[in-house]
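One structure is given here, and the rest of the page talks about it.
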Amino acid sequence: MAALRRLARPREADERCELCSAPLPADHRHLFDERTEALACACQACSLLFTGRAQARYRPVPTRVLSLPDLVLSAEHWESLDVPVGLAFFARSSRLGRVVARYPSPAGPTESQLRLDTWTELEAANPALRDLQPDVEALLVNRVGAAADNLVVPIDQCYALVGLVRTGWRGLSGGPEVWGAVAAFFADLRARADVVRDA
C-alpha cells in the first residue's frame, strides 16, 4: 500500500519559480532581473505580478516572435557588424545605453564589438528595430549556409539557442547534429512568428 501511495502522489516538477518556489511547467515564462541582468524562471502568477510595473526589479520577458523578411541587411552591412559567424543576436542594453551584439559559440554567448554608427544605420533602414524592448527582446539573425532568417524574439530564446550550440557542439565545425538542431530551432520560430512586411 505504501508503494501505491507513493506512485499516486504527483511527481515534483524539475523546475521551480525562482521567486515563490511554485512548480513550473516545461513551457514557462521568464523575468529579466534589472540588478543582475540575469533571467529568472517564473510561474504565471509571479510573471503577472510584474507586468506593467515600470519601477519593478523584474521585467517579464515578452513572448512575441516576429519575422522580418524585408529587413534591409546587405552582405556588406553584415560584414560591418563585425560578427565572425553567420548567427548573432542584437539587444539594447539599458545598463550600457547601447545595442550589444552576441553570437552562440561552444564557450557560450560571445560578445562582438558593435559600432554605434553601424546599428544606427541599420535601425534607420529598418524602423521595426526601433520597437525592440530593451534587455528583453533581440533581433536574431541566421545566415548559416543558405539561411536568411531575421526575427525579433524574446531574449530567452536567444539564450536557448546559445545553450543548444554549447551543449551540442562537436569537433571544430560543430558537427551535423548541432546544425540540424539549429535548423529545427529556427523552423519552430518561423512557424510561430507573425510576419512584418517593410521592416
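Just so you know, all these numbers are worked out from the coordinates, no wet-lab data involved. Treat the numbers as computed from the prediction; the structure is a model and nothing was measured. Every residue, glycine as well, gets a Cβ built from its backbone with ideal geometry; the counts of neighbours run over all protein chains shown.
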Fill in the blank from the handout: Longest principal axis of the chain (C-alpha) makes with the long axis of helix 116-125 (C-alpha) an angle, in degrees to the nearest 10, of 90 degrees
Problem - Positive-end residue of ASN126, SER21, VAL195, charge dipole of the chain with Cβ unit charges - result: SER21
Completion exercise
Rounded to the nearest Å, the spacing of the alpha-carbon centers of the stretch 91-106 and the stretch 29-84 is 11 Å
Problem - Relative contact order computed over the chain (Cα-Cα under 8 Å; 6+ residues apart), in percent - result: 21 percent
Problem - Calculated from backbone phi, Karplus (6.51, -1.76, 1.60) coupling profile of the stretch 43-53 in Hz, x at Gly/Pro - result: 6, 4, 5, 5, 5, 5, 4, 9, 5, x, 9
Exercise for the section: May I ask for the angle, rounded to the nearest 10°, between helix 155-168 and the longest principal axis of the chain, with both axes built from Cα atoms and the value confined to 0 to 90°? Expected result: 80 degrees
Practice task
Report which label in (i) 36, 24, 17; (ii) 26, 21, 16; (iii) 33, 22, 15 holds the value of semi-axes √(5λ) of the Cα gyration tensor in Å derived from the coordinates of this structure.
Solution key: (iii)
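Could you order peptides 43-51, 19-27, 139-147 by the average number of other Cβ atoms within 10 Å of their residues, highest first?
139-147, 43-51, 19-27
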Handout entry: Cα gyration tensor shape of the stretch 76-175, rounded if a/c is under 1.5, else prolate or oblate by comparing a/b with b/c
Key = prolate
Practice task
Give me the angle, in degrees from 0 to 90, between the Cα long axis of helix 176-192 and the longest principal axis of the Cα atoms of the chain, rounded to the nearest 10.
Solution key: 90 degrees
